[in-house]
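Here's the structure we're looking at; comments come further down.
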Amino acid sequence: MKARGIRWADLGLCRPKNIKTTAIATVSILGLAVGSIVVFQIISEQLLPEIAPDTSNESAVHKFGDLKGNWTLFFAIIPLIWLESFLEEVLDRGFLMNWIERMLSSNVVATVLAVVLQAMIFGFRHSHDLSERSITVGLIGLAMGIGYVAFGRNLWPLIIAHCTLNTMSMIDRV
């Protein structure tokens, strides 16, 4: 970053200008992410052929241990989940989107392609196949990418939204 003259603030890790705006952005991003998943679920049940089933619960047990009723384990791993959420936002929205845009000449088309490509990469990285999970996570990535651009390229609303989504997902497993 230093060699290229890029600061953390250039990626979106800057102090939010206004807490109220950050809260509104976070809630908007959460709403867009959850709304897109609900729409996908409705469409996929009605129109799409059977895609690979979501195996994220089995994967979570393998990755985190059996959380069913184990609040001690939940509270032990949730800080790591939040750290992972933070790092994913810095990587996917902060670095990847900006890199794709610069590579494609930093215009509106490049921004749209950057949002779509990072969402596809984000979805694939979470399940390594074309499954319901990769599509829903890709939709979350799309919502996060749109939020990143729409709310002034500040990562904090995305980080908070991502931590919230991951926390809700983990609570669902307890």
Dipole of the chain (Lys/Arg Cβ +1, Asp/Glu Cβ -1, origin at the Cα centre): which of L130, L155, A3 lies farthest to the positive side?
-> A3
Contour excess over end-to-end distance, with Cα ends at F75 and V108 and 0.36 nm allotted per residue | 7.6 nm
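Given R₀ = 30 Å, what would the calculated FRET efficiency be for F40 paired with A150, taking r from the Cβ atoms and rounding to 0.05?
Working: r = 20 Å, r/R0 = 0.68.
Working from the Cβ atoms, E equals 0.90.
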In which sequence would L67, L130 go, from the one with the fewest C-beta neighbours within 10 Å to the one with the most?
-> L130, L67
For the stretch 81-137 versus the stretch 5-50, the gap between their alpha-carbon centres in whole angstrom = 12
A chain fully extended from W8 to F124 at 0.36 nm per residue, minus the present Cα-Cα distance, gains in nm 39.1 nm
Final fewest-first order of T22, T72 on the 10 Å Cβ neighbour count is T72, T22
log₁₀ of I(q)/I(0) at q = 0.14, 0.22 Å⁻¹ - the stretch 90-174, Debye sum with one point per alpha carbon = -0.47, -1.05
What is the order of C14, C163, fewest Cβ neighbours within 10 Å to most?
-> C14, C163
The chain: Rg/Rh from Cα coordinates, Kirkwood Rh?
-> 0.98
Roughly what would the spin-label model give for V27 and L117, points 7 Å off Cα along C-beta, in nm?
-> 3.5
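None of the figures in this text is laboratory data; all of them are computed from the coordinates on show. The structure presented is a predicted model; accordingly, all values stated were derived computationally and were not measured. Backbone-built Cβ (ideal geometry, glycine too); neighbour counts: all protein chains shown.
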